[in-house]
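Structure record follows, encoded as structure tokens.
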Amino acid sequence: MSVYLVKILELLSLNIEFDQSVLRVRLSTEHDVELLWEIDQFTAEHLKALTVLGGQYKYRLSFHSSWDSNKNHYISFLTKTYKDQSEKIYFPCSEAYVNGLKAIKCNEHITQISIVTPLSETPSLIDLLETEVVAPKKFNRKFAWISVALMCILTIISVDNSFLHKVEIKKITNVKSESMSKENILNVEETETITGSSVEKTKPSNESTTSVKESAFPTEELNEVINFNIQEGNVALTFDDGPSKFTKEITDILMTYSVGGTFFFIGNNVEKHPDSVQYVQANGYSIGSHSMSHPNFAKLPSVKQEYEILHTNRLIEEIIQEKVTLFRPPYGIKNETTIDLMNLTNSKMVLWNSDTEDWKSNNANEIFKNVVNTKASGSIILLHESQAVIDALPRIIEYLQGQDLNIVSLN
């Protein structure tokens, strides 16, 4: 019987020189092995913008990638972890980076990747690089094959020696914890940054960091103070009244279909579900304010309107560390005071021209029919966070894609 192990690729350090960018990564299966990976400047710059290595966060590189035809480049993601918290962060990458991921995953040799962990520290090196690990009772019958494979690896290291001379490693830190699972990476007390022929040690930073992410999904910039629709050929799915217990599942459905989405959050709910706010933002979706307590703005004095908008913005901004510029008034009701506040805060009011009335029917079939019966091209579709919307959402997306429409996030 064969045992299959999950491969984990942890990013340890990133060094960008004028003519060379090098990742130092730890490949974990049953044991650990450290690799030096020379990558292109395009991918390196995006990774650098997303990570602060040596602090409290750890970063796992995904082996998965996809092609973004709208932006004409590949998209991959990394997982940022801290204790039991994690978030996915998408970033643009090159074809060369994608090929490197495949080489590591499939144990293929390319000149851009070199093993730097000494063989003396990893006596079962062949097991480190195998996805399929043979049970002990079959090991003796494969001893000859393993010996040949070890000789091949030694030859590969010899061939790659010229690359290793480019970045000389004076010390290899091999940190392992037998009591830990492979999904939880051990915190390292000090990290090393590769700089030329030396290794620079840096102590972990205690400061929290926020990643600046580029959305992996189609977006449309809104240019008007008040917006009822968008350009033809595009359609926007918008979700009101969150965050809620449904937020993450809605986000996951949008991600599955690689389409955009925009969430309008109520301040009182933001205080209850800050993790859902972070989840939406971490996966590249747009977030706007939907007031603090969902009142009728036409009945509010200016000072109360200002509180409902600005206090909600602050709550969201503290979580996502980005300025909130989108606002949807409850019930779509506004007055001149509301519009003045939009101008004063450089915000954009997002209304709609397609109402699914999902709150009224609370029925997935009726919600889908309301989308089908409207002119979808150029529309901003109003939805609310609910189980009925979750049930209808895959059918809605497939229908809109069948109309050759780009499903966009709003900015």
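Quick one: which of Lys88/Lys248; Lys7/Lys58; Lys48/Lys348; Lys7/Lys102; Lys299/Lys334; Lys71/Lys375 span more than 20 angstrom between C-alpha atoms? Listed pairs above 20 Å: Lys48/Lys348; Lys71/Lys375.
Distance between the 7 Å Cα→Cβ label points at Gln401 and Gln387: 2.6 nm.
What's the ranking of 359-372, 91-104 by average number of surrounding C-beta atoms within 10 Å, highest first?
Ranking, from highest mean packing down: 91-104, 359-372.
Put simply, the C-alpha atoms of region 272-410 give a gyration tensor, and the ellipsoid matching it has half-axes of 28, 18, 15 Å, longest first.
Binning the alpha carbon pair distances of region 38-80 at 5 angstrom intervals from zero yields the distribution 5, 18, 26, 28, 15, 6, 3, 0, expressed in whole percent. Subtracting the Cα-Cα distance of Asp355 and Phe228 from 0.36 nm times their residue separation leaves 44.6 nm of extension gain.
For region 325-366, the alpha carbon positions stretch 42, 18, 14 Å along the principal axes, listed from largest to smallest.
The modelled label-to-label distance for the pair Asp40/Gln85, using points 7 Å beyond Cα in the direction of Cβ, is 3.4 nm. Among Arg395, Arg314, Arg24, the sequence by solvent-accessible area, most first, with a 1.4 Å probe is Arg314, Arg395, Arg24. The reciprocal of the average 1/r between distinct C-alpha atoms defines the Kirkwood hydrodynamic radius, which for region 265-312 equals 11.5 Å. Report the FRET efficiency, 1/(1 + (r/R0)^6), for Glu249 and Gln20, where r is their Cβ-Cβ distance and R0 is 51 Å, rounded to 0.05. So, using R0 = 51 Å, E works out to roughly 0.75. The solvent-accessible area of Glu17, taken with every protein chain present and a 1.4 Å probe, is close to 70 Å².
The values are calculated or read from the model by the stated rules, or taken from the named source; none is laboratory data. Quick caveat: nothing in here was measured; it's all calculated off a predicted structure. Don't worry about glycine lacking a Cβ; one is built from the backbone with ideal geometry, like all the others, and counts go over all protein chains shown. Just the protein is used for accessible areas: all its heavy atoms, side chains included, with ligands, DNA and RNA removed. Shrake-Rupley method; radii C 1.70, N 1.55, O 1.52, S 1.80 Å.
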